[in-house]
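Heads up: the structure comes next, in structure tokens.
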Ligand SMILES: *Cc1c(COP(=O)(O)O)cnc(C)c1O
């Protein structure tokens, strides 16, 4: 469900034509729909209404400050994976008691900042990290709230780069060793063991792997209780998939219900870390046609957005729908939609049927709200593009286009 629709033969975000925005901010740009984000957040939250829960949006999916502010104003917490993301969340006023800190490689400085900010908990991924957190907490004379991330060795059946719950992945503590780690953590004077955490991957399109993981976690919590270890929070991560093409992921309502049912009767707060399911279909990337080019093998539509703006197609061979912003009848052409970057891997879509497009006309790459801007780079000395938020019939630039001066501001010209 999203609010990107054609009105008067022009693709609109809510009540604003994307052509209007392009005239104002130039191309390429990302545009997000407020009502879509709100709806996704509400549906997700609603699905958990029968359990004590906290929704911690996964900041890495899209970390724009205006977006974080919106989510926070609706009661959302945040899942952060770096000191930078932690600062973003704090900057927009997220209640620290709604912030969880995940990731395999937290530095001592990041841990110190998290402890000083009094966040809800750190999701710990190794024995060495437990020791470092204990040491950092001792120095600050506090007790660090921790939850241990377990790796259930379950195949999320998604792209190998975004599978995280297999033993060959770098994430979490192997299940067999988790009990020892809990008993170890309990003995540390400056750790307060409050939770358990499990995130098995991203863009999951079936409930099966979630169910297996939650069942394993539940059994493990019961084991912990036998050792008189009582936890308060079960963090089940994110990972719920969306429809990019023909996937049919479970509806959040079904997902919420199945998990709540498994966990029923346990006196615990459930934490979720959704990213893609909130933002994925709430944003599109708008780009302008630069050239049409034919070779004996292919037709290329060369546009002004590239892999530095949206890397998912190049990185994961991900499919994202591409459409013309002017609704066009008539014959279609098979094209590869490519950017200006000097790499053959620089494409947004391959072998797509599109109406005949002329120089200056606009396309939209759909489902670009998550892992779009947040994964963008300056490769080829291209400034990162603006981000725009539409709400009803108004739009707001929530990030300006990067200038050349922005790009070189930390560089020094030294004569050698
Ligand atoms: C990336 C990530 C998420 C969000 O995943 P989505 O698939 O976007 O929902 C949640 N938790 C952790 C620990 C992550 O690394």
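The values are calculated or read from the model by the stated rules, or taken from the named source; none is laboratory data. Please read all numbers here as calculations on a predicted model, not as lab measurements. Cβ: placed from backbone, ideal geometry, glycine included. Neighbour counts: every protein chain shown.
Within segment 308-315, identify whether any single residue is surrounded by fewer than 16 Cβ atoms within 10 Å (Cβ to Cβ), in contact with a helix residue (DSSP H, G or I) (Cβ under 8 Å, 6 or more places away or on another chain) and in a helix (DSSP H, G or I), and answer yes or no. Within segment 308-315 (the criterion being surrounded by fewer than 16 Cβ atoms within 10 Å (Cβ to Cβ), in contact with a helix residue (DSSP H, G or I) (Cβ under 8 Å, 6 or more places away or on another chain) and in a helix (DSSP H, G or I)), the answer is yes, since at least one residue qualifies. Restricting attention to segment 276-300 and to residues that are under 30 Å from residue 396 (Cα atoms) and surrounded by fewer than 24 Cβ atoms within 10 Å (Cβ to Cβ), the residue that is nearest to the chain's Cα centre (by Cα) turns out to be 288. Taking the criterion of being touching a helix residue (DSSP H, G or I) at 6+ places or on another chain (Cβ under 8 Å) and either more than 14 Å from the ligand (Cβ to nearest atom) or closer than 19 Å to residue 198 by Cβ (or both), the residues of segment 73-85 that qualify are 74, 75, 77, 78, 79, 80, 81, 83.
Results for (1) away from the ligand (no atom under 16 Å from the Cβ); (2) more than 20 Å from residue 3 (Cβ to Cβ); (3) touching a strand residue (DSSP E or B) at 6+ places or on another chain (Cβ under 9 Å); (4) part of a strand (DSSP E or B), shown as yes or no for each residue.
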position: 278; (1), (2), (3), (4): no, no, yes, no
position: 286; (1), (2), (3), (4): yes, no, yes, yes
position: 289; (1), (2), (3), (4): yes, yes, yes, yes
position: 297; (1), (2), (3), (4): yes, yes, no, no
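For residue 228, the conditions (1) assigned to a loop (DSSP other than H, G, I, E, B); (2) within 16 Å of the ligand (Cβ to nearest atom) are fulfilled apart from (2). The single condition from (1) under 30 Å from residue 234 (Cα atoms); (2) in a loop (DSSP other than H, G, I, E, B); (3) touching a residue at least 40 places away in the same chain (Cβ under 8 Å); (4) more than 16 Å from the ligand (Cβ to nearest atom) that residue 274 fails is (4). Residue check: is residue 253 outside any strand (DSSP E or B), in contact with a helix residue (DSSP H, G or I) (Cβ under 9 Å, 6 or more places away or on another chain) and surrounded by fewer than 17 Cβ atoms within 10 Å (Cβ to Cβ)? Spelling it out, residue 253 is indeed outside any strand (DSSP E or B), in contact with a helix residue (DSSP H, G or I) (Cβ under 9 Å, 6 or more places away or on another chain) and surrounded by fewer than 17 Cβ atoms within 10 Å (Cβ to Cβ). Out of curiosity, is residue 346 surrounded by 15 or more Cβ atoms within 10 Å (Cβ to Cβ), touching a strand residue (DSSP E or B) at 6+ places or on another chain (Cβ under 8 Å), closer than 25 Å to residue 65 by Cβ and at pLDDT 95 or above? Answer is no for this residue. Among the strands (runs of 3 or more DSSP E) confined to segment 332-375, the ones with at least 1 residues that are on the phi > 0 side of the Ramachandran plot are located at 347-355. The set of residues from segment 326-338 being within 20 Å of residue 11 (Cβ to Cβ) and under 26 Å from the mean Cα position of the chain (by Cα) comprises just one member, 337.
Those strands (runs of 3 or more DSSP E) of segment 1-79 in which at least 2 residues are free of Cβ contacts under 8 Å to residues at least 40 places away in the same chain, considering only elements entirely within it, cover 4-7.
Put simply, of 404, 395 the only residue that is exposed (fewer than 15 other Cβ atoms within 10 Å of the Cβ) and at pLDDT 95 or above is 404. Of the residues screened, residue 219 is not one that is modelled with pLDDT under 95 and surrounded by fewer than 16 Cβ atoms within 10 Å (Cβ to Cβ). Of all residues in segment 159-169, those being surrounded by fewer than 21 Cβ atoms within 10 Å (Cβ to Cβ) and outside any helix (DSSP H, G or I) number 5.
The set of residues from segment 170-212 being over 24 Å from residue 118 (Cα atoms), within 11 Å of the ligand (Cβ to nearest atom) and not in a loop (DSSP other than H, G, I, E, B) comprises 201, 204.
Residues in segment 376-416 that are out of contact with any helix residue (DSSP H, G or I) (no Cβ under 7 Å at 6 or more places or on another chain) and in a strand (DSSP E or B): 394, 396, 399.
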